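The values are calculated or read from the model by the stated rules, or taken from the named source; none is laboratory data. Predicted model only: the values in this text are computed from it and were never measured. Note: ideal-geometry Cβ built from the backbone for every residue, glycine included; neighbour counts use all protein chains shown. These area figures cover heavy atoms from the full protein model, side chains too; ligands, DNA and RNA do not enter into them. Shrake-Rupley method; radii C 1.70, N 1.55, O 1.52, S 1.80 Å.
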Amino acid sequence: MLQIQKIRSDKDFIIKKILEIRNINVADQINQIYDLDLQKRETQKSLDEFSSQMNVLSSQIGTEFKAGNIDKANDLKKQTTTLKDKIKLLKSSFMDLDNSIIDLLYQIPNIPNEIVPPGKLESDNEVIFSSDLSQIKNKELLPHWELCEKYDLIDFELGVKISGAGFPVYKGKGAILQRALIQFFLNQGNLDGYQELSVPHLVNESSGYGTGQLPDKEGQMYHVSVDDLYLIPTAEVPITNIYRDVILDYKDLPVKHVGYTPCFRREAGSYGKEVRGLNRLHQFDKVEIVQITNPNESYNTLDKMVNYIEGLIKKLELPYRKLKLCGGDLGFTSALTYDLETYSSGQDKWLEVSSVSNFETFQSTRLKLRFRNQDREIELAHTLNGSALALPRIMASLLEINQYQDGIKIPKVLRPYTGFDSI
RNA sequence: GGAGAGUUGGCAGAGUGGUCGAAUGCGGUAGUCUUGAAAACUAUUGUGCAGCAAUGUACCGGGGGUUCGAAUCCCUCACUCUCCGCCA
């Protein structure tokens, strides 16, 4: 959610940037917000004034009653009726205005950072780095779902039986490999100063609003209606919401957390090739990193996070590429996002394994996540997060890239975790 | 699932209709003292909104109501705790 103060001061800039880079025209909404905000402040002014008068009268009445001047008190009472009506009216229009503003604010995406390339299509994303694929491309390689069947690593049919499509069953060395990866990612996070958290997998409605999944993406989350809880689509939700309604001290920043959770996504509307094998699942495992920073540090931090995640991929010896997302691909809540994609040699396709974003104050406004700066003023913090990493697609790439005639070789860094060198 | 108790400022904990945004203690911050620290003492210390400011206004779990006036009374929802039952 954008801050209303920003709209007051920079409304034309916001409209221009969002149109230019995201290709979304929010002029109507922004102008409406602007007008409603003026009205709201106007209303508050008179509301405050009348409330003040009312408070004065009330305390006078109290004093008169105490002094025993019943008649005088009753006389004053009469004066309150019109005031009371006015206040009631103003209060309700104030609330209406406020709600309309919030509803509209929910519809405005984050202002993209100036370095976000404009564009609508995936092809407009800027490729910053790409591994050399010439050695791999010529080979004939099996897609991971065939490897999974061949070596009995992941059983998609079993998952269908017990849950439905998109809920695979990992077996034997397949399950161990995934666990090894999780362990490796968490340990790396710890080494890089991220405090590990193990958090709930179901969250309440307020948390959904806090990180922006609600109200816009309601249909993407599984909802447990009897208890009115949502299954988390990412660890970002519980981890970031820990800091909802919190005022940190500047000395506490940056806050760094790493957490492993399963993630649940309904993925309504997905079909065909994109859901084949491990490409897109309803339940998958992910290790996530989250940071909360001082605003003037956040872009520095974003770079560090990207480098860190890149480092993980390199350690796994996977070919990958790094993208800066264009305006059209940029998430609603993000100001700048880098995607990391590993190469799926069996599918000849890049798989998004991480998305690293700076949300600036977009989440912290909703979350009321603030900090007290060195001047002891209260300021909104910046929030960032990134996958480090998403397990199924890493598994897919890893299995495909490392396959040979009679097996699959395990990358060196994982061997201490798996206990075997190959499958 | 059954029965009961509760939700007040960073924490603990007063406050049951009128200068209560809220006593007191702890904690935090600044200072005095000290070579330094501790202790002691002094001062200060919630958040939002509007305003250049003075200041005004709102907030005592959420929402609604009664009243001239609500932290305090009523209704309702949510959550927490205790006991019993069940159970990894």
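Points to keep in mind about this one:
- Among the conditions (1) on the phi > 0 side of the Ramachandran plot; (2) in the same structural domain as A:T43 (by TED's automatic domain parsing), A:G164 misses just one, which is (2).
- Scanning segment A:371-396 for residues that are under 30 Å from A:V353 (Cα atoms) and not in a helix (DSSP H, G or I) yields A:L380, A:A381, A:H382, A:T383, A:L384, A:N385, A:G386, A:S387, A:A388, A:L389, A:A390.
- Matching residues in segment A:57-94 - criterion: being near RNA strand B (Cβ under 7 Å from one of its atoms), of a type in the set (A, V, I, L, M, F, W, C) and open to solvent by 60 Å² or more (accessible area, probe 1.4 Å): A:F65
- Hits in segment A:1-33 (condition: within 12 Å of RNA strand B (Cβ to nearest atom) and either in contact with a His (Cβ under 6 Å, 6 or more places away or on another chain) or not β-branched (V, I, T) (or both)): A:Q3, A:Q5, A:K6, A:R8, A:S9
- A:R321 being within 16 Å of RNA strand B (Cβ to nearest atom), open to solvent by 30 Å² or more (accessible area, probe 1.4 Å) and charged (D, E, K, R): no
- Among the conditions (1) modelled with pLDDT under 95; (2) more than 24 Å from A:L399 (Cα to Cα), A:L302 misses just one, which is (1).
- Residue in segment A:200-211 that is more than 29 Å from A:I410 (Cβ to Cβ), more than 16 Å from RNA strand B (Cβ to nearest atom) and among the aromatic types (F, W, Y) present: no
- Residue within segment A:402-416 that is open to solvent by 30 Å² or more (accessible area, probe 1.4 Å), among the charged types (D, E, K, R) and within 16 Å of RNA strand B (Cβ to nearest atom) present: no
- Test: A:L47 is open to solvent by 50 Å² or more (accessible area, probe 1.4 Å) and more than 6 Å from RNA strand B (Cβ to nearest atom): no
- Segment A:274-298, residues that are in contact with a Lys or Arg (Cβ under 9 Å, 6 or more places away or on another chain) and in a helix (DSSP H, G or I): A:E274
- You will find that of A:I101, A:I111, A:I128, A:I115, the residue that is among the aliphatic types (A, V, I, L, M), surrounded by fewer than 16 Cβ atoms within 10 Å (Cβ to Cβ) and not assigned by TED's automatic domain parsing to the domain that holds A:P295 is A:I115 and no other.
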